[in-house]
Amino acid sequence: MKVMIVGGTGNISTSIVEALLVQGHEVVCFNRGQTSAEPLSAQVRQLHGDRRNRASFEEQMRSEKPDAAIDMVGFTAEDAESDLRAFPAVERLVFCSTTCVYGVEATRLPLAEDAPPHPFTGYGQGKLAAERVLRAAWFQAGYPVTILRPSSTYGNQVGLIGSIGQNSVWLDRVKKGKPVLVCGSGNNPHQFLHVRDAAAAFVGALQAPACLGQVYNLVGPGFTEWNTWHRTGIELLGRQVPILGVPLDLLQALGGQRFGYACEIFGYNIYYDGSRLARDLPGWRPLVPLAEGMREVIAWSERHGTIPDSDAYPLEDRLAQAMLALRNIKEQEN
């Protein structure tokens, strides 16, 4: 099968390419040619361009005549409408959405795919708008689409994201003996999936008849508390450092891009139901254990020097000092 991937060099899509090649598929990637932390196999043909040049992109995609397509970088309704014109005759289009479409206003957990969406970030709002275009095409004309909503997918390119930030700077804190900061108590649930497990779901959804026209939460069973995530990393690095909670409202008051993920989603109780995907893709289950996946990413990050220098984030040091001082006051009172 000839598969066109819009993207192909990102966090998940690099592993999708590898999984498709293992199965013997012909893979073509369309991207801007600007991001490639991990070089693609010589077996992959790459086309470079900007999908926002709609006419050129759509003509090029149609001329390739792929059997199936995966859109990893569609973010808007306009992108989805462009997909429909670019891939009018594919057997399946798999579209990468996000669990951010739900927002954080859940009244019951875990959230199933039919839960009301309440996205409040531009990212979640754009993905939801794209979903609606593609779902309408399925309902109205039988367009063969499958939509996957990943939660937090970790791998070599993104590293191991921290509870209060959007990079793996917390690993450097651990290596230097500094306290690790989490949002709130750190007991709030979250769901992490290794990129290879995510990729296997995308590849499986390309051909599974039951996935036609469906939307899925791309998560495994159960959840991991943020404290467990961080303790696992601390143990893998062979250090002993305290984990300090920072109130969500304090991070919100400080604002700024540094704590954006915590304020937008990580500071809340997040738990999605993955049973529908497990039902319709019976051969798919997450296979990479948390500690094994984290160990692999840490090793890759250390080899490639991609762990940020925590000394470049003095605000976190000041927050840690403040939380330690409050902890000491509480201990003295007790």
Going through 309, 280 one at a time, which residue ends up being within 26 Å of residue 203 (Cβ to Cβ), modelled with pLDDT of 95 or more and either of a type in the set (D, E, K, R) or not assigned by TED's automatic domain parsing to the domain that holds residue 121 (or both)? 280
Every listed condition ((1) at pLDDT 95 or above; (2) surrounded by 18 or more Cβ atoms within 10 Å (Cβ to Cβ)) holds for residue 10 save (1)
Given the residues 162, 186, 124, which is the only one that is more than 25 Å from residue 38 (Cβ to Cβ), within 14 Å of the chain's Cα centre (by Cα) and of a type outside the set (A, V, I, L, M)? 124
Within the stretch 298-323, restricting to residues that are within 28 Å of residue 103 (Cα to Cα) and aliphatic (A, V, I, L, M), the one that is surrounded by the fewest Cβ atoms within 10 Å (Cβ to Cβ) is 315
How many residues of the stretch 25-69 are closer than 12 Å to residue 5 by Cα, among the hydrophobic types (A, V, I, L, M, F, W, C) and out of contact with any Leu (no Cβ under 8 Å at 6 or more places or on another chain)? The answer is 2
Of the numbered conditions (1) under 21 Å from the mean Cα position of the chain (by Cα); (2) of a type in the set (Gly, Ala, Ser); (3) over 30 Å from residue 214 (Cα atoms), residue 293 fails exactly one; give the number of that condition. (3)
Looking at 134, 111, 128, 148 in this structure, which one is in contact (Cβ under 8 Å) with a residue 12 or more places away in the chain, out of contact with any Phe, Trp or Tyr (no Cβ under 8 Å at 6 or more places or on another chain), surrounded by 14 or more Cβ atoms within 10 Å (Cβ to Cβ) and not assigned by TED's automatic domain parsing to the domain that holds residue 306? 128
For the condition in a loop (DSSP other than H, G, I, E, B) and basic (Lys, Arg), what is the one hit in 51, 62? 51
Tally time: how many residues in the stretch 233-246 are of a type outside the set (A, V, I, L, M) and either surrounded by 18 or more Cβ atoms within 10 Å (Cβ to Cβ) or in contact with an Asp or Glu (Cβ under 7 Å, 6 or more places away or on another chain) (or both)? 2
Which residue is farthest from the chain's Cα centre (by Cα), if the candidates are limited to the stretch 13-47 and must be crowded, with 24+ Cβ neighbours inside 10 Å and outside any helix (DSSP H, G or I)? 27
Tell me yes or no: at least one residue of the stretch 71-86 is in contact with a helix residue (DSSP H, G or I) (Cβ under 7 Å, 6 or more places away or on another chain), surrounded by 14 or more Cβ atoms within 10 Å (Cβ to Cβ) and in a strand (DSSP E or B). yes
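The values are calculated or read from the model by the stated rules, or taken from the named source; none is laboratory data. Note that the coordinates shown come from a computational prediction; the quantities given were computed from them, not determined experimentally. Cβ atoms come from the backbone with ideal geometry, glycine included; neighbour counts cover every protein chain shown.
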